[in-house]
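Q: What follows is a structure written as C-alpha cells; I'll ask about it next.
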Amino acid sequence: MFSDLISPAILSLIVDSTLETLYMVAIAALIGTLAGLPLGIFLATSARGELFEAVTVNRVLGLIVNATRSTPFIILVVAIIPFTRLVAGTSIGTTAAIVPLSLAATPFIARIVEAAVREVDQGLVEASLAMGATPLQIVRKVLIPEALPGLVLGITLSVVSLLSNSAMVGAVGGGGLGDLGIRYGYQRFMPEVMLMVVVVLIILVQTVQSLGETLAKKVNRRLRRH
C-alpha cells in the first residue's frame, strides 16, 4: 500500500494540490495584509487621546473584528457562500476559497498589527509630536519601523494559520491539500495519501515559520544598528 507513495500519479496529485494551497495562501495573505495592516494601525491609534482619535469608529470596528475572529472558520466559509459566489463567480475551487481565507485573515492580522504598534514606546511618539511631525508621518516613520519585527512575526503566524484554514476549506470543495486528503485519504480509503498531505503541510508550516523568524531577526538587528 505504501509503495504507492512514490507512484507518479500520487506524486502528481501531491504537487498539484501543494501548488493550489500555496496559491490560495499567498493571495489570501496578501489581501489580508493589505486590508489588515491599515485596519490594525487605525485600531491602535484611534482610541481616546491618540493620534487619530475616533472613539466610536474604533469601538464599532473592534466589535466587527472580534465577531469575525470568534466565528469558527468552517462556519464562516458556509455562511458567506452567497458573497463568495458574488465575488468569485463560484463557491467551489481554489479561487473561491481565497474569499473566506482573506476574510478570516484580515481581522487576525489587524489584531496582530494593533498589538505590535501598541508595544512601541510612546515616548517616541510624544517626541515626534513635539518636533512637529504629523500623525501620518509618525505612523510611517516611527510606528511601522519600530513595530516591524513584531509585524513580521505576526504576519508569519497569520500565514501559518492560513495554511491550517486552507486544509480545512478542502472539506467544502476548496481544493488544495485538504481537498486531496479528504477525497483520497478519507473517501477512497488511501491513508498513504493522508499521510503525505500531513507531511507536506508540516514542511510548509516549518518553512514559513523559519523564514519568518529569520526575517524578523534581521529586521531587529538592522533597527538596533540604527
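Q: Assuming Val77 fulfils every condition listed in (1) out of contact with any Ser or Thr (no Cβ under 9 Å at 6 or more places or on another chain); (2) assigned to a helix (DSSP H, G or I) apart from one, which condition is it?
A: For Val77, the failing item is (1).
Q: Let me ask you something else. I'm checking my understanding of the structure. Among residues of the range 96-115 that are under 17 Å from Ser46 (Cβ atoms) and of a type in the set (Gly, Ala, Ser), which one is surrounded by the fewest Cβ atoms within 10 Å (Cβ to Cβ)?
A: The extreme case among them is Ala115.
Q: While we're on this one: Out of Leu124, Leu151, Leu136, Leu129, which single residue is in contact with a helix residue (DSSP H, G or I) (Cβ under 6 Å, 6 or more places away or on another chain), modelled with pLDDT under 90 and either surrounded by 22 or more Cβ atoms within 10 Å (Cβ to Cβ) or in a helix (DSSP H, G or I) (or both)? I'd like the intermediate steps shown before the answer.
A: Details: Leu151 fails: modelled with pLDDT under 90; Leu136 fails: in contact with a helix residue (DSSP H, G or I) (Cβ under 6 Å, 6 or more places away or on another chain); Leu129 fails: in contact with a helix residue (DSSP H, G or I) (Cβ under 6 Å, 6 or more places away or on another chain).
Step by step, each of Leu124, Leu151, Leu136, Leu129 is checked, and only Leu124 is in contact with a helix residue (DSSP H, G or I) (Cβ under 6 Å, 6 or more places away or on another chain), modelled with pLDDT under 90 and either surrounded by 22 or more Cβ atoms within 10 Å (Cβ to Cβ) or in a helix (DSSP H, G or I) (or both).
Q: Which ones in the range 34-65 are part of a helix (DSSP H, G or I) and free of Cβ contacts under 8 Å to residues at least 24 places away in the same chain? If you could, list the steps in order and put the result at the bottom.
A: The first filter runs over the range 34-65 and keeps only residues part of a helix (DSSP H, G or I), leaving 34-45, 55-65.
Result: Leu34, Pro38, Phe42, Val55, Thr56, Val57, Asn58, Arg59, Val60, Leu61, Gly62, Leu63.
Q: When only residues in the range 191-226 that are buried (at least 18 other Cβ atoms within 10 Å of the Cβ), farther than 16 Å from Asn165 by Cα and of a type in the set (A, V, I, L, M) count, which is modelled with the lowest pLDDT?
A: We begin by selecting, within the range 191-226, every residue buried (at least 18 other Cβ atoms within 10 Å of the Cβ); these are 193, 196-197, 200-201, 204, 208, 212, 216.
Still in the list and also farther than 16 Å from Asn165 by Cα: 193, 196, 212, 216.
From the residues that got through so far, the ones that are of a type in the set (A, V, I, L, M) too are 193, 196, 216.
Values: Val193: 83, Met196: 87, Ala216: 87.
Selected residue: Val193.
The values are calculated or read from the model by the stated rules, or taken from the named source; none is laboratory data. In this text the structure is predicted, and so the values were computed from the model without any measurement. FYI the Cβ positions are ideal-geometry reconstructions off the backbone, even for glycines, and counts take in every protein chain you see.
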